[in-house]
Amino acid sequence: MLPKRRRIAAIILTALPGPALAHHGMDDATPGTLGEGIISGFAHPVLGLDHLAFLLAAGLLASAAPRLGYRALAAFLTAGIAGALLHRAAIGLGPVEIGVAVSALAAGGLLLALGRRTAIIASALAVPGFALAGLFHGHAFAEAVAESPAAVFIAHLAALTLAQAMIAGAALLAARAVAGFGNLPFRAAGLGATAVGAFALATAIGG
């Protein structure tokens, strides 16, 4: 087992922004093969900092409502698939990048303000809130493969869904592992997610 300070540091570092490479790992080129679709799907949630910030914050929020946590994450992933399919069908959801940024900002803000004391809010908002966020995230993710062949799109979507489940699930498990440390790890993660969300929102609005 890691020392207390190292475990706290690990939670903090996961929420801090890092250097971004190409937004979906393909130098912004449209994936054209199954392998490229899979690589793009796995890379996309890691290289998009606003997406990553939300996933990490979502895992921490889900840990505050044990009975709903996994259902909330499942709702996010399912809605993400629906959002991607809507994009594929050329059905818009408005300014999705703003929606993604707001979701990261909101999730981070809850953690920052309330720390682990989010069970009541998480219980009330978990499933519908995560589902709404999933629609915007999925729609935004699908931009990378909007013009790809159907098989590549499906490969991308499968890899993307798996990657998101792994990231959010790992954050949920890590949150439970450091539950004994009180609010510090949660508020530190909230600060990171809020900062990323605010920057992404300013960029989306300014762009």
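Structure above, values below:
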read-out	value
Failed criterion for Ala65 (all others in (1) open to solvent by less than 50 Å² (accessible area, probe 1.4 Å); (2) at pLDDT below 90; (3) under 20 Å from Thr161 (Cα atoms) hold)	(3)
Selection count where residues are touching a residue at least 60 places away in the same chain (Cβ under 8 Å), open to solvent by 60 Å² or more (accessible area, probe 1.4 Å) and hydrophobic (A, V, I, L, M, F, W, C), scope region 82-114	3
Among residues of region 166-186, those that are surrounded by 19 or more Cβ atoms within 10 Å (Cβ to Cβ) and assigned to a helix (DSSP H, G or I), counted	8
Pairs where the first residue, in region 132-147, is more than 13 Å from Ile98 (Cβ to Cβ) and in contact (Cβ under 8 Å) with a residue 12 or more places away in the chain and the second is surrounded by 24 or more Cβ atoms within 10 Å (Cβ to Cβ) and polar (S, T, N, Q), C-beta under 6 Å, 6+ apart	Ala144/Ser40
Yes/no for Thr194 being buried (at least 22 other Cβ atoms within 10 Å of the Cβ) and among the hydroxyl-bearing types (Ser, Thr, Tyr)	yes
Residue list for region 36-49, restricted to those being open to solvent by 20 Å² or more (accessible area, probe 1.4 Å) and within 25 Å of Leu110 (Cβ to Cβ)	Val46, Leu47, Leu49
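This table checks each residue for (1) over 30 Å from Ile154 (Cβ atoms); (2) part of a helix (DSSP H, G or I); (3) modelled with pLDDT of 90 or more.
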residue: Leu61; (1), (2), (3): no, yes, no
residue: Ala72; (1), (2), (3): no, yes, no
residue: Gly92; (1), (2), (3): no, no, yes
residue: Val100; (1), (2), (3): no, yes, yes
residue: Ala106; (1), (2), (3): yes, yes, yes
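The values are calculated or read from the model by the stated rules, or taken from the named source; none is laboratory data. As the structure is a computational prediction, the values presented were derived from the model and not from experiment. Backbone-built Cβ (ideal geometry, glycine too); neighbour counts: all protein chains shown. Areas reflect the complete protein model, heavy atoms only, side chains present, ligands, DNA and RNA absent. Shrake-Rupley method; radii C 1.70, N 1.55, O 1.52, S 1.80 Å.
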